[in-house]
Amino acid sequence: MPIISAPHEYHEEDLYVDLAGVLGTSLYLKCEGLNFAGSIKLKTARSLVEAAEASGVLGPGGIIVESSSGNLGVALSIIAASKGYGFLCVTDPRCNDSTRQLMAALGTEVHTVREPAADGGYLGARLRYVEQLCALDSRYVWLNQYTSPANADAHYRWTAPAIAARFTDLDVLFVGAGTTGTLMGCARYFKEHRPGVTVVAVDAVGSVTFGGPALPRMIPGLGAGVRPPLLDASYVDDVVHVDEADTVKACHRLARGGFLFGGSTGTVISGATRWLAQAGDGRDIVAVAIAPDLGERYLDSVYCPDWVEKTYGPDMLTTNLEESPLISMSVV
Ligand SMILES: Cc1ncc(COP(=O)(O)O)c(C=O)c1O
């Protein structure tokens, strides 16, 4: 049994849910939400902070500033509180209220950008705001999850090797794309160490990451209004785009089986099940998908019937919870 003295010292790295019973498709879901930050972003935050400390830009008296749609903000709040740094998080209206409250409870100053930028949406507006802050006060240290190699390194060092060790016969790995830190860290690891593994990126319809047109998106975590600088698409074997309505249906399907996962997990599961249905040629495919967080932060959105009806139209949850046919799938 682990005994820890700092919150970021604990992360459950070895829990998988076999979804065959819930989905009727063989798929193992790696659960990344079991730590004090409640998401995979604890590893990203730890890696970003340790890299900034090692390079000397972050030290005693430093104030971390970062743009986050929520989960990285919570993870950095925990680490900043534990290490005695200040933290200012720049977010946007898609950040859940409970996530905002969580950050504030940990002593973080939360600034919410209300207007999306004409080019780059809310993410573009958040990045501009952070740049302005840093120009005003030299104590601010921008870790910059969108460009720092330490983001992908966290998953190259920890996430991917854990999957590779547990699934020596892995065929396919499904990874959601936000900053693409998780995707690039895992994809680089598997290309170098297990090149037979197919790495499939799962993105939201309306995200520009893989070249699609920008459209409004309501669920935080996956997708981007600005192409992620960390992305090197040559490491990615395939891309699936998932409509947000299908994300919500997948979340509710899992919930009916007793598993309450976050919005981006619904996206990844929806994309993975449809990719597997198309790829299925009778052979048993060993497939793993990454679940970045759990569902409690989404009670006022994905799991709130009024919000779902207002956002995606009436009857969505009372009709068939099967998702629609594959929106798009392309070999990069
Ligand atoms: C819930 C959730 N899913 C997915 C992601 C995307 O992960 P990454 O930024 O590594 O692409 C994030 C990142 O913020 C997240 O919070």
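Bear in mind that the values in this text are calculations on the coordinates, not laboratory data. All of these numbers come straight from a predicted model, not from anything done at the bench. Cβ placement follows ideal geometry from the backbone for every residue including glycine, while neighbour counts extend to all protein chains displayed.
Summing +1 for each Lys or Arg and -1 for each Asp or Glu among the other residues whose beta-carbon sits under 12 angstrom from that of Pro2 gives -3. For segment 113-150 versus segment 216-289, the inter-centroid distance based on Cα atoms is 27 Å. Dipole magnitude for the chain: computed about the Cα centre from +1 point charges on Lys and Arg Cβ and -1 point charges on Asp and Glu Cβ, it is near 420 debye. The GluC sites (Glu not before Pro) found in segment 2-48 that occupy coil by DSSP, while having at most 12 further C-beta atoms within 10 Å, are Glu12. Computed on segment 116-188, with alpha-carbon pairs under 8 angstrom and 6+ residues apart, the relative contact order is 29 percent.
Residues considered: Leu123, Leu215, Leu48. Largest GNM mean-square fluctuation over the chain, using C-alpha springs under 10 Å, is found at Leu215. In summary, the convex hull built on the alpha carbon positions of the chain has an orientation-averaged projected area of 16.7 nm².
Ranked by how many other Cβ atoms sit within 10 Å of their own Cβ, fewest first, the residues Lys310, Lys191, Lys249, Lys41 fall in the order Lys310, Lys191, Lys249, Lys41.
Starting from the Cα gyration tensor of segment 1-121, take the square roots of the eigenvalues, sort them a ≥ b ≥ c, and report rounded, prolate or oblate (rounded when a/c is under 1.5, otherwise prolate if a/b is larger than b/c, else oblate).
Working: a/c = 2.14, a/b = 1.28, b/c = 1.67.
Here segment 1-121 falls in the oblate category.
In degrees, nearest 10, range 0 to 90: what is the angle between the Cα axis of helix 244-256 and the longest Cα principal axis of the chain? For helix 244-256, the angle is close to 80 degrees. Mean projected area of the convex hull spanned by the Cα atoms of segment 87-230, taken over all viewing directions: 10.0 nm². For the pair Tyr16 and Gln278, label points projected 7 Å from Cα toward Cβ lie 2.4 nm apart. The mean sequence separation of alpha-carbon pairs under 8 Å and at least six residues apart, normalised by the residue count of the chain, gives a relative contact order of 18 percent.
In the chain, helical runs assigned H by DSSP with n ≥ 4 each contribute -39500 (n - 2.57); averaged across all residues and rounded to the nearest 500, the mean residue ellipticity at 222 nm is -11000 deg cm²/dmol. Label-to-label distance, Glu9 versus Ser234, with points set 7 angstrom from Cα along the beta-carbon direction: 4.2 nm.
Among Arg256, Arg188, what is the fewest-to-most ranking by other Cβ atoms within 10 Å? Working shown, then result.
Working: Arg256 10, Arg188 18.
Fewest-to-most ranking of Arg256, Arg188: Arg256, Arg188.
Packing order of peptides 192-201, 289-298, highest average first: 289-298, 192-201 (average count of other Cβ atoms within 10 Å over each peptide's residues).
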